[in-house]
Amino acid sequence: MHSGSPLRRDDSPASATVTVWGPATLSNLGPGFDALGLCISGWGDVVEAWRETEPGVRIEIGERALDWRAPTDPARNTAAVAAQAVLRTLGATEGMALRIRKGIPPGSGVGSSAASAVAGAWAANLLFGAPLDKAALVDPVLEGEAVAAGSRHGDNVLPALFGGLILVSSNDPMRSRRISLPRALPMAVILPNVQVLTRQARAILPKHVPLDDAVHNASELAFMIDAFHAGDWETVGRCIMADVLVEPVRAKLLPCYDAVRSAAMEAGALGCALSGSGPAMFAVAETRAAAEHVRDAMVSASRSAGIEARGIATEVNDEGVQSI
Ligand code: HSE
């Protein structure tokens, strides 16, 4: 891989350019640390890509992504690493270029690195005739995620790849399973304007936990999965607030955490929690209108606590990564 000279638009014949949407994802969802993730609509990264004769992956980073300090070194950029892994899988003798337009800031908690990784992998696959199905892209996207997060956790990249609500295993090779939802799941998601790097937010977690706490989390996760199947959002909401292993440790990284959570519940949310390692927080609600109201309350609470924030009311994205 190499970064090379800046790419010009006219380096890429329009007919040979693919444009891919890598969606944002919520992960953990309370007690499902590293085990559960959900693809959402509304936020994501865009990757344009075209083939080049020189082998490897060349990248161009959009201005906004540069402001957000997205990695410009292809060896550390999740889109480039995932794309390179696809080229390796295909045994490609030619290379490709990627132009990355970030819509999600790195360190936001809604799967910024995963959105780029899946978009890079999907773009590489499309450019070489789409010989791989999504299942064959699991390893490449995990490889991409690992350069950003320092671990091959799949609870952002796999929902971003497949869409929907995805359970993932912690062993290698990673297993995953989609959980069908019987009805729409209205959600509010906010991004407080602070950066929490996943690598650091993982480093502060305890290496050993009391057995009682592990049992508590396992039980809450089991009830939550059953409630997702049943479309019982009230139970889902209660369960997402029940994590005793991870979220209490990470909440300390986010000064507006308590205020946002209280505001969401007072505004009628069924539950509210961190997404991934934060600072993003999400809430579930019974209706779209309720989710919009909850979003406004969460954004206001963050601002009142001195942290600028933006938010959306959203729903599940069942498609995952796709060309646009
Ligand atoms: N499961 C991961 C974590 C997600 O919580 O560290 C990171 O976005």
Determine the share of segment 160-213's accessible area contributed by carbon and sulfur atoms, expressed in whole percent, with a 1.4 angstrom probe.
52 percent
At 7 Å along the Cα-to-beta-carbon direction for both residue 229 and residue 213, put a label point, then send me their distance in nm to one decimal.
2.9 nm
Any idea what the relative contact order of the chain is, in percent, if you count C-alpha pairs under 8 Å spaced at least 6 apart?
23 percent
Tail beyond 16 Å, pair distance distribution of segment 13-64 (Cα, percent)
62 percent
P(r) of segment 193-324 over all Cα-Cα pairs, 5 Å bins starting at 0, rounded to whole percent, reads 2, 10, 17, 20, 20, 17, 10, 3, 0, 0
Cβ charges +1 (Lys, Arg) and -1 (Asp, Glu), total dipole of segment 104-187, debye:
340 debye
Fully extended, how many nm does the chain gain between residue 75 and residue 249 (0.36 nm per residue separation, minus their Cα-Cα distance)?
59.5 nm
How large is the charge dipole for the chain, taken about the Cα centre, if only the Cβ atoms of Lys, Arg (+1) and Asp, Glu (-1) carry charge, to the nearest 20 debye?
460 debye
Just order 181-187, 288-294 by mean Cβ neighbour count inside 10 Å, highest at the front, would you?
288-294, 181-187
Taking 7 Å along the Cα-to-C-beta vector as the label spot, tell me the residue 288-residue 88 distance in nanometres, rounded to one decimal.
4.4 nm
When the chain is fully extended, how far beyond the present Cα-Cα distance does residue 135 get from residue 310, taking 0.36 nm per residue of separation?
59.6 nm
Is segment 176-241 best put as rounded, prolate or oblate by its Cα gyration tensor, with a ≥ b ≥ c the root eigenvalues, rounded for a/c under 1.5, and otherwise prolate when a/b is larger than b/c, oblate when not?
oblate
Please enumerate, by chain and number, the aspartates and glutamates with C-alpha under 17 Å from the C-alpha of residue 134, excluding those fewer than 8 residues away in the same chain.
143, 145, 155, 318, 319
In Å and from the alpha-carbon atoms only, list the Rg and Dmax of segment 34-80.
13.7, 40
Regarding the chain, what's the average projected area of the Cα-atom convex hull, expressed in nm²?
15.5 nm²
Can you send over the carbon and sulfur percentage of the accessible area for segment 93-139, probe radius 1.4 Å, protein chains only?
55 percent
Counting only helical runs of four or more DSSP H residues, what would the 222 nm mean residue ellipticity of the chain come to if each run contributes -39,500 (n - 2.57) and the total is spread over all its residues?
-11000 deg cm²/dmol
Under the 7 Å Cα-to-Cβ spin-label approximation, residue 54 and residue 16 lie apart by a distance in nanometres of 1.5 nm
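The values are calculated or read from the model by the stated rules, or taken from the named source; none is laboratory data. From a predicted model like this one, the values you see are computed outputs, not experimental measurements. Cβ coordinates were reconstructed from backbone atoms using ideal geometry, including for glycine residues, and neighbour counts include every protein chain displayed. When the accessible area is computed, the model is the full protein with side chains, heavy atoms only, and any ligands, DNA or RNA have been set aside. Shrake-Rupley method; radii C 1.70, N 1.55, O 1.52, S 1.80 Å.
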